[in-house]
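Have a look at the structure below before the remarks.
The values are calculated or read from the model by the stated rules, or taken from the named source; none is laboratory data. None of the values given here were measured: they were computed from a predicted structure. As a convention, Cβ positions derive from the backbone with ideal geometry for all residues, glycine included, and neighbour counts pool all protein chains shown.
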């Protein structure tokens with residue numbers, strides 16, 4: 001269930017190619033963030049190799065998987081899309097865990113879950129949780145993991161938050 005935000009470029013001496021690749025990555029990120037109904041309970045990631053884009057992550061709705069692929073296919077320079085996004089199985093227990101984690105983190109770290117930012121994404125499958133996204137410090141990353149692990153019904157927590165310094 002671990003998903004990485006990965007970008008792999010073929011090294012090329014041409015500066016124009018690098019600029020075009022950078023533009024494609026920015027456009028992919030932009031388009032995926034705008035996919036309708038992308039929530040804190042979904043995680044979209046990708047890998048780029050030349051004109052091939054591999055979509056990764058996990059979503060709670062199959063429509064999100066299709067919409068993400070459609071958005072990326074429309075980007076100039078994308079020749080092929082491999083859609084490896086996992087659609088999480090429907091589960092009332094997992095839904096409860098998602099919402100309990102959301103409430104726990106939101107109570108103490110609300111800035112990470114605002115509609116504009118959504119720096120933390122909560123992926124739950126069979127009681128196993130993966131935290132994806134970014135934290136502003138190691139302390140915030142650790143706090144999000146601790147808040148998650150204390151939610152009833154959580155079996156394991158994979159804290160994949162990346163600490164970014166600004």
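Assorted remarks:
- Residue match in the range 85-93 (condition: within 18 Å of the chain's Cα centre (by Cα), crowded, with 19+ Cβ neighbours inside 10 Å and modelled with pLDDT of 95 or more): yes
- Residue satisfying condition, being closer than 19 Å to residue 39 by Cα and part of a strand (DSSP E or B), within set 130, 110, 104: 130
- Residue check for residue 35: in a loop (DSSP other than H, G, I, E, B) and either assigned by TED's automatic domain parsing to the domain that holds residue 101 or at pLDDT below 95 (or both): yes
- Against the test of being surrounded by fewer than 17 Cβ atoms within 10 Å (Cβ to Cβ), assigned to a strand (DSSP E or B), out of contact with any helix residue (DSSP H, G or I) (no Cβ under 6 Å at 6 or more places or on another chain) and not assigned by TED's automatic domain parsing to the domain that holds residue 19, the options 146, 158 yield a single qualifying residue, 158.
- Just one residue in the set 96, 66 is in a helix (DSSP H, G or I) and either within 14 Å of the chain's Cα centre (by Cα) or surrounded by 15 or more Cβ atoms within 10 Å (Cβ to Cβ) (or both); that residue is 66.
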